[in-house]
1. As an exercise: evaluate Ser88 against (1) open to solvent by 40 Å² or more (accessible area, probe 1.4 Å); (2) under 24 Å from Leu140 (Cβ atoms); (3) hydroxyl-bearing (Ser, Thr, Tyr) and give the number of the one condition it does not meet.
2. Could you check segment 59-81 and list, in sequence order, the residues that are in contact with a Leu (Cβ under 8 Å, 6 or more places away or on another chain), in contact (Cβ under 8 Å) with a residue 24 or more places away in the chain and of a type outside the set (Val, Ile, Thr)?
3. Of the residues Ile21, Ile26, which single one is open to solvent by 80 Å² or more (accessible area, probe 1.4 Å), part of a helix (DSSP H, G or I) and of a type in the set (Val, Ile, Thr)?
4. Which one of these is part of a helix (DSSP H, G or I), closer than 30 Å to Thr30 by Cα, under 15 Å from the mean Cα position of the chain (by Cα) and in contact (Cβ under 8 Å) with a residue 60 or more places away in the chain: Leu138, Leu91, Leu148?
5. Tally the residues that are open to solvent by 50 Å² or more (accessible area, probe 1.4 Å), at pLDDT below 90 and either outside any helix (DSSP H, G or I) or among the charged types (D, E, K, R) (or both), restricting the search to segment 48-62.
6. Any idea which of Ile143, Ile153 is surrounded by 14 or more Cβ atoms within 10 Å (Cβ to Cβ) and modelled with pLDDT of 85 or more?
7. Quick check on segment 47-70: of everything there that is of a type in the set (A, V, I, L, M) and within 26 Å of Ile144 (Cβ to Cβ), which residue is farthest from the chain's Cα centre (by Cα)?
8. Quick check on my filter: what residues within segment 7-18 are surrounded by fewer than 16 Cβ atoms within 10 Å (Cβ to Cβ) and either in contact with a Leu (Cβ under 7 Å, 6 or more places away or on another chain) or polar (S, T, N, Q) (or both)?
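The values are calculated or read from the model by the stated rules, or taken from the named source; none is laboratory data. Just so we're clear, the structure is a prediction, and the values are computed from it rather than from any experiment. Cβ placement follows ideal geometry from the backbone for every residue including glycine, while neighbour counts extend to all protein chains displayed. Please note that ligands, DNA and RNA were not included when accessible areas were found on the heavy atoms of the full protein model with its side chains. Shrake-Rupley method; radii C 1.70, N 1.55, O 1.52, S 1.80 Å.
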Amino acid sequence: MTETKNVFIGILAVILGLIVILFPLISVSTFSVIAGVGIIFLGIWILAQSFKAKSLAAGIADLIIAIFAIMLGIVFIGDIKAFQFFSSLALYIVGLFVALSGLTSLSGEGTKGKAIGILGIILGVLFIVMGTYAYNPLVLAAIIGAFLIIAGIMEIFDLFGAMNKKEEN
């Protein structure tokens, strides 16, 4: 049963990935609206939690975060450029941390530690480069679409599940 479910989810992800790549502007604006609605709901939930906080400081902090989240969600719904900016910024931040962790791994012992460090640096630089281009909605759609296609293929062939089964035996 779960294998059939994995294949269905994988096929759905591949189809969505292709749709995102074929219709990039509509797809990015749709992702922006979905992210905006999600952030608004998150802000409302945090707002409700702020009234149940154990201390006044925690309640005020939650209230400020909730207001900021709701405002950001509204901006995402109304302005696709904000979504592109934050997507690009997230790629920069992830790239920076991956590259820094790669640098720290270079001091590891053995060839494996150095190889992981070099791979981390390469991937970090790749993320930073992707962040530079992700400001363009066409490139952002291609990145999202490629991710969906790769995730769908991995889900269809259950690559990690097969690896886990081999390790258990």
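1. (1)
2. Initial filter on segment 59-81 (in contact with a Leu (Cβ under 8 Å, 6 or more places away or on another chain)): 62-63, 66-67, 69-70, 73.
After this cut, where a residue has to be in contact (Cβ under 8 Å) with a residue 24 or more places away in the chain as well, the list is 67, 69-70, 73.
Selection gives Ala69, Gly73.
3. Ile26
4. Details: Leu138 fails: under 15 Å from the mean Cα position of the chain (by Cα); Leu91 fails: in contact (Cβ under 8 Å) with a residue 60 or more places away in the chain.
Selected residue: Leu148, the only one of Leu138, Leu91, Leu148 that is part of a helix (DSSP H, G or I), closer than 30 Å to Thr30 by Cα, under 15 Å from the mean Cα position of the chain (by Cα) and in contact (Cβ under 8 Å) with a residue 60 or more places away in the chain.
5. Residues that pass the stated criteria total 3.
6. Details: Ile143 fails: modelled with pLDDT of 85 or more.
None of the other options fit; the residue is Ile153.
7. If we filter segment 47-70 for residues that are of a type in the set (A, V, I, L, M), which is where we start, we get 47-48, 53, 56-58, 60-61, 63-67, 69-70.
In the following step, the residues that additionally are within 26 Å of Ile144 (Cβ to Cβ) were identified as 69-70.
Numbers: Ala69: 17, Ile70: 20 Å.
Of everything passing the filter in segment 47-70, Ile70 is farthest from the chain's Cα centre (by Cα).
8. Residues of segment 7-18 that are surrounded by fewer than 16 Cβ atoms within 10 Å (Cβ to Cβ), as a first pass: 7-9, 11-12, 15, 18.
Within segment 7-18, none qualify.
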